[in-house]
1. Once all Cα-Cα distances of the stretch 157-212 are split into 10 Å bins that start at 0, what whole-number percent is in each one?
2. Would you mind getting the accessible area per residue of the stretch 136-256, heavy atoms of the protein chains only, 1.4 Å probe, in Å²?
3. Would you compute the Debye intensity of the stretch 240-302 from its alpha-carbon atoms alone, equal scatterers and no solvent, and pass along log10 I(q)/I(0) at q = 0.13, 0.24, 0.26, 0.28 Å⁻¹ to two decimals?
4. Could you give the length gained by full extension between Leu251 and Phe233, i.e. 0.36 nm per residue of separation minus their alpha carbon distance, to one decimal place?
5. Report, in whole Å, the centroid distance computed from the Cα atoms of the stretch 242-301 and the stretch 144-181.
6. Which one, Ile131, Ala158, Gln198, projects farthest toward the positive side of the charge dipole computed for the stretch 92-216 from Cβ point charges (K/R +1, D/E -1)?
7. I'd like the accessible area for Met98: 1.4 Å probe, protein heavy atoms, all chains in place, Å² to the nearest 10.
8. Taking 2.2 N^0.38 Å as the expected size of a compact globular protein, what ratio does the Cα radius of gyration of the stretch 125-181 give against it, to two decimals?
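The values are calculated or read from the model by the stated rules, or taken from the named source; none is laboratory data. If you're wondering where the values come from, they're calculated on a predicted model, not measured in any experiment. Virtual Cβ from ideal backbone geometry, glycine too; neighbours counted across all protein chains shown. These accessible areas exclude ligands, DNA and RNA; they are computed on the full protein's heavy atoms, side chains included. Shrake-Rupley method; radii C 1.70, N 1.55, O 1.52, S 1.80 Å.
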Amino acid sequence: MSGHLECHQDTGPRKGRCSSSISQILPRHAWQKIYKNIWVGNIRMGPAGAFCFPSCNLALLCTQPRDFAYPGIYLATVSWNLGLIVLIRMDSRLHTPMYFFLSNLSLLDTCYVSTIAPRTLSDFFRKHKLISFLGCAVQYLLFSRLGLTECCLLAAMAYARYVAICSPLLYTATMSPSLCVQMVAGSCITGFLGSFVQLCALLQLHFCGPNIINHFFCDLPQLLALSCSDTLFFQAMTSVLTVIFGLMSVLVIMISYGYIVATIVKITSAEGRSKAFSTCASHMTAVVLFFGSGIFLYMYPDSGGSSSQNKLVSVLYTVIIPMLNPLIYSLRNKGIKDALNVWKKKLFSWCY
C-alpha cells in the first residue's frame with residue numbers, strides 16, 4: 001500500500017472513518033518516502049483541531065487545564081529541582097549516595113514535566129490545539145520512558161536507605177560510586193526498553209477518526225481509546241510491563257522498608273529512632289504519591305482517561321508531584337538545610 005491513508009465510506013456510526021496504522025502510513029520499503037511524508041508535508045497540521053493526512057482528517061484535540069497557576073507551577077518545578085541539583089553539586093558534604101540519587105531524581109522530574117508542560121503552555125496561545133502523529137508518539141515515548149525510569153530509581157533509593165540504616169558500617173563500601181552510577185544507568189536503560197516496546201506495539205494499531213482526545217497530552221488510555229484495532233495483545237503486554245516495573249519496584253521498596261522498620265524498632269535511643277524515621281519518611285511520601293496516582297490512572301482507567309477526575313490526577317501525576325519532590329526531600333533534611341544556610345551566609349557576605 002502506498003504511503004497515504006485510506007478513507008472508508010462505511011455506513012453506520014463510523015461513516016467516513018479513517019483507518020491508519022504505522023505500517024500503512026509509513027511503508028517498510030520506502031524509507032525516503034517516510035521522511036518525505038513526515039517532514040515535507042504529507043502528514044501536516046490541519047484546521048479545527050485536526051492533524052490532517054492526505055485525504056482524511058485524523059483529529060487530535062488536546063484540552064488542557066486552563067488555570068493561570070499552571071505556568072507558575074511549571075516554573076516552580078523546574079527551578080526547585082534544578083536548584084536542588086546545583087546545591088548538591090556545590091556542597092561537598094552532600095556528595096553521598098543518598099544525595100546522588102536525589103539529584104538524579106530531580107533531574108528526572110525536570111525532564112519528566114518538560115515533556116508535557118511546554119506543549120500545554122504553548123496551547124494556551126493557540127486557537128486550535130494540534131499535535132502531529134509523530135509528535136504524539138514522541139511525547140508518549142519520552143513520558144513513558146521517564147515514568148518507568150522513576151519507578152526503578154525509587155526502588156534503588158529504597159535499597160540505599162536499607163543499607164544506610166541496616167548496615168551503616170558497610171554503607172560506604174557497599175554503596176560505592178560505581179555501584180550508584182550502575183544503578184542509575186540501569187534504571188534509565190530499563191525504562192527506555194520498556195517504553196520502546198510499548199511504542200513499537202502502539203505504532204501497529206489502527207486508528208479510526210475522528211480522533212479527538214479530551215485530555216492535555218498523549219497518554220496510553222487515550223491512545224488505546226482511539227484505536228479501532230484489537231488491543232488485547234497490547235493490554236496483555238502492558239499488564240506484563242506493569243508487573244515488571246510497578247509491582248517489582250513496589251516489592252523491592254516494601255522488602256527494604258520491612259527490614260528498615262525491623263531495625264528501627266531495635267534502636268534503644270528515641271533520638272536515633274526519630275532520625276531514622278525522618279530519613280525514610282520523605283522517601284515513603286514520594287513513593288506513595290507516585291505509585292498511588294499511577295495505579296489510579298493506569299490500573300483503573302475511566303472512559304479512556306478523559307473524565308475530569310482522571311484529568312485532575314494526571315495533573316497531579318505529571319506536574320504537582322515533580323514540584324513537591326524537592327520540598328518533600330528538603331524540608332526535614334538536615335544536610336540540605338545546613339547547605340542552604342551556608343550558601344545564604346556566603347550570598348550575604350558577597351552582597352554586603
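1. Pair shares across the bins are 19, 28, 20, 15, 11, 6, 0.
2. 43 Å²
3. -0.46, -1.01, -1.10, -1.18
4. Difference between extended and current length: 3.9 nm.
5. Here the answer is 13 Å between Cα centres.
6. Going by the charge dipole, the pick is Ile131.
7. 50 Å²
8. In units of the 2.2 N^0.38 Å rule of thumb, it is 1.92.
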